[in-house]
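Accompanying notes for the structure given below.
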Ligand code: FES
Ligand code: FE
């Protein structure tokens with residue numbers, strides 16, 4: 001997609017290894033272009049098959065001005081449709097989730113099948129062909145039960161990366177999970193600042209005291225020292241002896257990257273809990289807790305942190321130029337029972353307090369970036385994830401440095 005000249009002008013002095021200029025986080029034109037060129041052409045993790053057990057079950061996923069209906073159709077297929085009526089554009093579905101026999105537009109009652117086809121347009125005359133006016137389809141990929149959608153017809157090819165990832169994640173049996181809790185943390189900041197914060201652990205030591213107590217990622221030397229023992233323990237509980245795997249990471253198709261990395265928790269911590277004790281039964285085929293954490297990234301905007309007994313999914317969803325929803329989803333084994341096998345407050349404690357810290361630092365970041373005195377500074381070595389994001393992002397919006 002071509003990039004408007006005004007945005008290229010904003011980026012004219014941007015250099016690899018530097019933060020991006022102020023206007024990338026303050027300009028309405030950049031935001032609109034982000035939605036059209038980046039979000040509408042990215043694979044987005046929207047949910048899990050456990051949310052759609054029966055035909056007719058649906059939920060909405062909204063970002064920017066867009067809304068997508070994710071539904072299980074009569075044949076049991078999971079499909080996605082743009083939630084925009086083909087008559088005069090109303091939202092067709094206005095409930096966030098539910099079970100439907102068909103989608104009836106609330107404006108003039110055009111009725112769409114679960115498959116997206118228009119069943120009938122009321123009083124449209126003999127020449128009207130409903131076949132021409134089905135809902136626009138979005139693309140769907142299901143990876144181990146995790147549902148990804150892409151609004152564009154030219155979605156990035158992602159299957160090779162997912163196939164590589166599947167070999168590593170198989171023991172977790174991600175398809176066999178359920179959502180224990182979801183929370184939304186609105187932050188008054190541009191989505192890119194929220195996402196950039198997730199992509200680096202340079203801030204972990206000063207900003208996240210609880211996280212820093214148990215997770216070694218804030219200090220590369222600790223990761224290295226603790227890794228050999230983690231790999232032994234991982235193998236003993238049934239996980240692959242693998243520290244990092246990257247597919248199409250540099251130079252591959254934009255938005256198709258898949259990243260997998262394991263890192264150790266400190267001694268005494270078996271999972272991301274306050275006390276270090278397990279929080280839930282081990283996932284999938286695991287025979288116990290190995291005291292490791294697994295970072296998974298699919299494309300440029302989908303993040304998962306998998307412990308031996310739960311998964312935490314992260315999304316940074318644009319709602320406006322400086323309005324972002326940090327959406328956090330906690331998942332456990334499909335057969336785990338609340339009260340018996342896990343406690344919601346214990347399960348969610350770490351990433352609740354950590355996300356509140358993040359909300360605060362991201363908000364202050366946006367406040368500072370809004371100042372006319374902000375000049376982009378150099379990125380630290382530990383901020384390599386942001387550099388990588390910029391490279392992919394700039395290519396997607398059509399403004400890469402060549
Ligand atoms: Fe949907 Fe008219 S806008 S039926
Ligand atoms: Fe953080």
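Here, each number is a calculation from the coordinates, and none is a lab measurement. Note that the coordinates shown come from a computational prediction; the quantities given were computed from them, not determined experimentally. Cβ atoms come from the backbone with ideal geometry, glycine included; neighbour counts cover every protein chain shown.
Note on the stretch 157-396: Kirkwood radius taken over Cα pairs, Stokes-Einstein applied at 4 °C and 1.567 mPa s, translational D equal to 70 µm² s⁻¹. Extension gain, residue 274-residue 159: 0.36 nm per intervening residue step, less the Cα-Cα distance, totals 37.7 nm. Can you give me the Cα centroid spacing of the stretch 77-123 and the stretch 353-377 in angstrom? Each part's Cα centre sits 40 Å from the other's. From the Cα gyration tensor of the chain, with a ≥ b ≥ c the square roots of its eigenvalues, which class applies: rounded if a/c is under 1.5, or else prolate if a/b is larger than b/c, or else oblate? Since a/c reaches 1.5 but b/c is at least a/b, the shape of the chain is classed as oblate.
The distance linking the stretch 281-307 with the stretch 185-203 is 21 Å (Cα centroid to Cα centroid, whole angstrom). In the elastic network of the chain, a GNM with C-alpha springs shorter than 10 Å, the most mobile of 58, 107, 307 is 107. Modelled spin labels at residue 235 and residue 75, positioned 7 Å past Cα toward Cβ, are 4.6 nm from each other. Using C-alpha pairs under 8 Å with a sequence gap of at least 6, the mean separation divided by the residue count of the chain gives a relative contact order of 20 percent. Placing a pseudo-label 7 Å from each Cα along the Cα-to-Cβ vector at residue 364 and residue 285 gives an inter-label distance of 4.6 nm.
When Rg and Dmax are taken over the Cα atoms of the stretch 44-141, they come to 13.1, 43 Å. For the stretch 229-363, what class follows from the C-alpha gyration tensor (a ≥ b ≥ c being the square roots of its eigenvalues): rounded when a/c is under 1.5, otherwise prolate if a/b is larger than b/c, else oblate? Note, shape of the stretch 229-363 comes out oblate.
Label sites at residue 122 and residue 16, each approximated as a point 7 angstrom past Cα along Cα to Cβ, lie 5.9 nm apart.
Exposure proxy shown here: for 349, 191, 110, the number of other Cβ atoms within 10 Å sets the order, fewest to most, as 349, 110, 191. If the elastic network links every pair of Cα atoms under 10 Å, which of 155, 102, 225 fluctuates the most in the Gaussian network model of the chain? For the chain, modelled as a Gaussian network with Cα springs under 10 Å, the answer is 225. Here residue 9 and residue 374 are evaluated by their C-beta separation; at R0 = 25 Å the FRET efficiency comes out at 0.90. Given R₀ = 41 Å, what would the calculated FRET efficiency be for residue 345 paired with residue 244, taking r from the Cβ atoms and rounding to 0.05? Calculated transfer efficiency: 0.80. Among 37, 275, a tally of other beta-carbon atoms within 10 Å of each Cβ gives an order, fewest to most, of 275, 37. Going from the fewest other Cβ atoms within 10 Å to the most, the residues 306, 140 appear in the order 140, 306. In the elastic network of the chain, a GNM with C-alpha springs shorter than 10 Å, the most mobile of 125, 368, 238 is 125.
Summed over qualifying helices (DSSP H, 4 residues or more, each -39500 (n - 2.57)) and divided by its residue number, the chain shows a 222 nm mean residue ellipticity of -7500 deg cm²/dmol.
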